[in-house]
Amino acid sequence: MPFGHDMVHSLATVVELVNTSPSTGGDEGLPGLPELAAFVEAREVSGIGALTARDLGQVRIVREAFHRVFTAADQPTAVRTLNALLSETRITPRLTEHDGHPLHVHYHAADATLAEHLAADCGVALAHLLVEGEVERLRTCAAPDCDRVFVDESRNRSRVYCDSRTCGNRMHVAAYRARRRA
Ligand SMILES: [Zn+2]
Ligand SMILES: [Zn+2]
């Protein structure tokens, strides 16, 4: 995909965020503040102070809104859903260099909460993806017992599983067994 590294990073962050949701088929991936702090650290979300229960609640709300963008039935629905999220988010573009990353743009306000930070930066990354006409790249895993989301970055938009090593491999083994039984 012709996207800069910060956009790729934001898309990976929103995928990871959405996949902590129980609505993607697993357990609650953000049951408490330690897990939220681990997410912040893993995704290198910068400038976040002490996290509170309020942050956790707000992040879960933003997470469900992002999930609705990934599972939108069509582009107009995705646009409407994303616009609703963006309209509730203060967006303040600012050039920055930090933690060894090259110059890039942050979209969250300087005093943003964690939920606002994610809504702004991931929201703008998704907005660019929609502008590029790439809404089809927002996918849900094709394995029957997995509803995890992913961004299909393959050249021919052919990826169907969230992770080829787990779901992809599992489905290939199942298909092989089914063929042998037939
Ligand atoms: Zn940054
Ligand atoms: Zn999967």
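The values are calculated or read from the model by the stated rules, or taken from the named source; none is laboratory data. On a predicted model such as this, the values are computed, not experimentally measured, just so you know. For neighbour counting, all protein chains shown are included, and Cβ atoms are generated from backbone atoms with ideal geometry for every residue, glycine included.
List of remarks:
- Screening Leu30, Leu82 for residues that are part of a loop (DSSP other than H, G, I, E, B) and modelled with pLDDT of 95 or more leaves exactly one candidate, Leu30.
- Filter result for Glu16 (among the charged types (D, E, K, R), over 21 Å from Leu86 (Cα atoms) and either free of Cβ contacts under 8 Å to residues at least 24 places away in the same chain or within 16 Å of ligand 2 (Cβ to nearest atom) (or both)): no
- Residue match in region 12-19 (condition: among the charged types (D, E, K, R), in a helix (DSSP H, G or I) and under 16 Å from Asp152 (Cα atoms)): yes
- Pair list, Cβ under 9 Å, 6 or more apart: region 141-153 residue free of Cβ contacts under 8 Å to residues at least 24 places away in the same chain, other residue near ligand 2 (Cβ under 6 Å from one of its atoms): none
- Evaluation of Thr81 against (1) among the β-branched types (Val, Ile, Thr); (2) over 13 Å from the mean Cα position of the chain (by Cα); (3) under 21 Å from Ser158 (Cα atoms) (one fails), failing number: (3)
- Residue check, Asp145 closer than 21 Å to Val62 by Cα, out of contact with any helix residue (DSSP H, G or I) (no Cβ under 7 Å at 6 or more places or on another chain) and part of a loop (DSSP other than H, G, I, E, B): no
- Considering residues of region 157-182 that are loosely packed, with under 13 Cβ neighbours inside 10 Å and of a type in the set (A, V, I, L, M, F, W, C) only, the residue farthest from Thr24 (Cα to Cα): Ala182
- Hits in region 102-122 - residues which are assigned to a loop (DSSP other than H, G, I, E, B) and either of a type in the set (Lys, Arg) or within 15 Å of ligand 1 (Cβ to nearest atom) (or both): Pro102, Leu103, Ala109, Ala110, Ala112
- Whenever a residue of region 50-73 is over 18 Å from Ala120 (Cα atoms), its partners that are hydroxyl-bearing (Ser, Thr, Tyr), lying with C-beta atoms within less than 7 angstrom and at least six residues away or across chains, give the pairs Thr71/Thr140; Ala72/Thr81.
- Candidates His117, His101, His128 - the one that is in contact (Cβ under 8 Å) with a residue 12 or more places away in the chain and either more than 22 Å from Asn19 (Cα to Cα) or in contact with a Ser or Thr (Cβ under 6 Å, 6 or more places away or on another chain) (or both): His101
- Only one entry in Ala142, Ala65, Ala125, Ala78 is within 16 Å of ligand 1 (Cβ to nearest atom) and either surrounded by 16 or more Cβ atoms within 10 Å (Cβ to Cβ) or over 24 Å from His5 (Cα atoms) (or both), namely Ala125.
- Whether a residue is more than 16 Å from ligand 1 (Cβ to nearest atom), outside any loop (DSSP other than H, G, I, E, B), under 16 Å from the mean Cα position of the chain (by Cα) and modelled with pLDDT of 95 or more was assessed, and Leu36 passes this test.
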